[in-house]
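Data block below; observations after.
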Amino acid sequence: MHAVVFVVLARWLRRQGLDVRCFSYASVSRDLDTNSEALARFVAAIPGRQRIHLVGHSLGGLVILGMLARGADPRIARAVLMGSPCNGSHCASTLLRTPLSPVIGRSIAQALVRREWPFSPQIQIGILSGIGGIGMGRIIPGLAVPNDGVVTVKETFLSGCAERITLPVSHSAMLFSKACAEQVSAFLLAGHFVHE
């Protein structure tokens, strides 16, 4: 996943006064552990003592959790996981049993066997899930509702998270949604989502 997918969200977060750096990783050719280690090196290379917040979309959220499970940089304070299948993925599991499995990649294959993601209780994690229901998952039989078109709300469950919010947005649209950007910004800046 190339960091370019975060260009819209990054622009919004910069407008809120945040210093944004984007991380790219090879989801197909590298496994989750390798990508999590690369993220740890990326974070460690950030100079200064300021607090660091993380945002991950889909598999990117699992890369963050993989890094946190190994022990986190003490500067990390908060993370938002957007549409991340922390509790497994029906779509990915189904596709891994087909000839399309090489397209799914090594990272998600490794992530699917995990159900526990230990992290320091000092790190606040916010879970953002969608119920847009438009996405490639619609062609895969048995995708439970509610879902964002790829990941179900239930699949985003993470034990120990600080807060959850569900928005009427699809899986891919999370990256371009103003409503999602506002919620990500709110959580990073204040430690909570804005609930009506």
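The values are calculated or read from the model by the stated rules, or taken from the named source; none is laboratory data. These figures come from a predicted structure and were not determined experimentally. Note: ideal-geometry Cβ built from the backbone for every residue, glycine included; neighbour counts use all protein chains shown. Ligands, DNA and RNA are excluded from the accessible area calculation, which covers all protein heavy atoms including side chains. Shrake-Rupley method; radii C 1.70, N 1.55, O 1.52, S 1.80 Å.
Any residue at all in segment 143-156 that is basic (Lys, Arg), under 16 Å from the mean Cα position of the chain (by Cα) and closer than 23 Å to Leu95 by Cβ?
Yes - at least one qualifying residue is present in segment 143-156.
In segment 123-148, which residues are at pLDDT below 95 and not aliphatic (A, V, I, L, M)?
Residues satisfying the conditions are Gly132, Gly133, Gly135, Gly137, Arg138, Pro141, Gly142.
Which of the residues that make up segment 109-154 are more than 24 Å from Glu182 (Cβ to Cβ), outside any helix (DSSP H, G or I) and open to solvent by 70 Å² or more (accessible area, probe 1.4 Å)?
Pass one, segment 109-154, residues more than 24 Å from Glu182 (Cβ to Cβ): 109-122, 136-145, 154.
Applying the additional criterion that residues be outside any helix (DSSP H, G or I) yields 112-122, 140-145.
Selection gives Val113, Arg115, Glu116, Pro118, Pro121, Gln122, Pro141, Val145.
Give just the number: which of (1) over 18 Å from Phe187 (Cα atoms); (2) open to solvent by 40 Å² or more (accessible area, probe 1.4 Å) does Phe157 not satisfy?
It fails just one condition, (1).
For Arg21, only one of the following conditions fails: (1) over 13 Å from the mean Cα position of the chain (by Cα); (2) not in a loop (DSSP other than H, G, I, E, B). What is its number?
Condition not satisfied by Arg21: (2).
Would a scan of segment 88-98 turn up a residue that is part of a helix (DSSP H, G or I), of a type in the set (Ser, Thr, Tyr) and closer than 15 Å to Phe119 by Cβ?
Going through segment 88-98, the residues part of a helix (DSSP H, G or I) turn out to be 90-95.
Still in the running and of a type in the set (Ser, Thr, Tyr): 93-94.
This time we only want the ones that are closer than 15 Å to Phe119 by Cβ, so: none.
Checking segment 88-98: not a single residue is part of a helix (DSSP H, G or I), of a type in the set (Ser, Thr, Tyr) and closer than 15 Å to Phe119 by Cβ.
Which of the residues that make up segment 51-103 are at positive phi, under 9 Å from the mean Cα position of the chain (by Cα) and open to solvent by less than 10 Å² (accessible area, probe 1.4 Å)?
Pass one, segment 51-103, residues at positive phi: 58, 71, 83, 88.
Remaining after also requiring under 9 Å from the mean Cα position of the chain (by Cα): 58, 83.
Across segment 51-103, the qualifying residue is only Gly83.
Going by what's in this entry, would Pro74 be described as under 26 Å from Ala190 (Cβ atoms) and either touching a residue at least 12 places away in the same chain (Cβ under 8 Å) or assigned to a loop (DSSP other than H, G, I, E, B) (or both)?
When the stated conditions are applied, Pro74 passes them.
I'd like the full set of residues that are within 17 Å of Ile125 (Cβ to Cβ), aliphatic (A, V, I, L, M), assigned to a helix (DSSP H, G or I) and open to solvent by less than 50 Å² (accessible area, probe 1.4 Å), limited to segment 160-196.
Those that are within 17 Å of Ile125 (Cβ to Cβ), aliphatic (A, V, I, L, M), assigned to a helix (DSSP H, G or I) and open to solvent by less than 50 Å² (accessible area, probe 1.4 Å): Met174, Val184, Ala186, Leu188.
When you go through (1) open to solvent by 70 Å² or more (accessible area, probe 1.4 Å); (2) in a helix (DSSP H, G or I); (3) within 17 Å of Arg78 (Cβ to Cβ) one by one for Arg11, which number turns out not to apply?
Just one mismatch for Arg11, condition (3).
Given the criterion within 20 Å of Cys180 (Cβ to Cβ) and at pLDDT 95 or above, identify the matching residue among Arg15, Arg41, Arg51, Arg75.
The unique qualifying residue is Arg15.
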